[in-house]
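Down below is the structure, laid out as structure tokens.
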Amino acid sequence: MFNHAMQPVASSSPPRSVAELTRLSFPILTLEERSLTPALGYVLNKKWLEPYESIVSILWKFKTANALPGYALARLLGPRVDPYEGVAPQLEAIELERLRSTLDLPVKALRAALLPALQHRPCSESFRYGRRCIACGYHSALYQIERVIVCPAHSLPLEVACRRCGYEAPYLLNVRLLETPYRCAECGARYGSKKWSPDRIQPLSGEHRRAITRVYIERGLL
Ligand SMILES: [Zn+2]
Ligand SMILES: [Zn+2]
């Protein structure tokens, strides 16, 4: 599948930058971003997703189900995005069309997954999670809004630091965050008690979904 990525580099090529050489060390990374499509067998089953799931949560599921490197995911976010530096998960910063076609998701779901950068609604710069939500593989864009302090589904306080080492992950779509689904990028500890996997789906209950939707509407996000 990656044959065309392994063509020898012509000796007349100009010197390559470190970034290019890094890409060359992984066959998949030399593919055009548009090649990372469901046509190649990458799947994201819509049944895995819950209402108002954040883009981080969606990409973690996509990564886990398809064993994709975080780098390939970061490259989906736009040709000008430095995968290591990353980009804020905000509507204005992401190329929705590229994500839409790769993930085969409706634009509506992607808009809900990304918050607009609004001054009157301060968002946390660190990843905030509900322990029970994340054990089900769920994180909502809602949890990044600073005024939201408890998970509406489980009524548990949202947490910002790793319980083991105290690391607060910057809420940035970069290789570091995308490479470590449901775990602390610093020490590797799990954020929740379980790991999400496509063959062990634990959907939120109807009641939990309604509670999340209610807060989403109350916060004027629809
Ligand atoms: Zn929760
Ligand atoms: Zn940690």
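The values are calculated or read from the model by the stated rules, or taken from the named source; none is laboratory data. Quick caveat: nothing in here was measured; it's all calculated off a predicted structure. Heads up, the Cβs are rebuilt from the backbone with ideal geometry, glycines too, and the neighbour counts pull from every protein chain shown. Accessible surface is based on the protein model in full, side chains and every heavy atom, while ligands, DNA and RNA are left aside. Shrake-Rupley method; radii C 1.70, N 1.55, O 1.52, S 1.80 Å.
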Notebook entry, point to check: Do you know which residues across the stretch 165-206 are open to solvent by 40 Å² or more (accessible area, probe 1.4 Å) and either at pLDDT below 95 or away from ligand 2 (no atom under 16 Å from the Cβ) (or both)?
Noted result: Leu172, Ser193, Lys194, Lys195, Pro198, Asp199, Arg200, Ile201, Gln202, Pro203, Ser205
Next item on the list: Find the residue count for the stretch 150-164, including only residues that are within 12 Å of ligand 2 (Cβ to nearest atom) and either open to solvent by less than 20 Å² (accessible area, probe 1.4 Å) or over 17 Å from Ser140 (Cβ atoms) (or both).
Entry: 4
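Residues that are of a type in the set (Lys, Arg) and within 14 Å of ligand 1 (Cβ to nearest atom): does the stretch 161-171 have at least one? Step through it out loud before you land on a result.
Looking only at the stretch 161-171, we keep the residues that are of a type in the set (Lys, Arg), and these are 163-164.
Imposing the further condition that a residue be within 14 Å of ligand 1 (Cβ to nearest atom) reduces the set to none.
No, because not a single residue in the stretch 161-171 is of a type in the set (Lys, Arg) and within 14 Å of ligand 1 (Cβ to nearest atom).
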Margin query: Against the condition within 16 Å of ligand 2 (Cβ to nearest atom) and either closer than 21 Å to Trp48 by Cα or among the aliphatic types (A, V, I, L, M) (or both), how does Val215 come out, does it pass?
Written below: no
Check: If you check Leu142 against the conditions, is it hydrophobic (A, V, I, L, M, F, W, C) and either touching a strand residue (DSSP E or B) at 6+ places or on another chain (Cβ under 7 Å) or away from ligand 1 (no atom under 16 Å from the Cβ) (or both)?
Finding: no
Notebook entry, point to check: For the stretch 91-140, which helices (runs of 4 or more DSSP H) that fit wholly inside it have 3 or more residues that are closer than 25 Å to Ala72 by Cα?
Noted result: 96-103, 107-113
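With the condition kept exactly as written, say whether any residue in the stretch 75-89 is outside any helix (DSSP H, G or I), touching a Ser or Thr at 6+ places or on another chain (Cβ under 8 Å) and closer than 17 Å to Arg219 by Cβ.
yes
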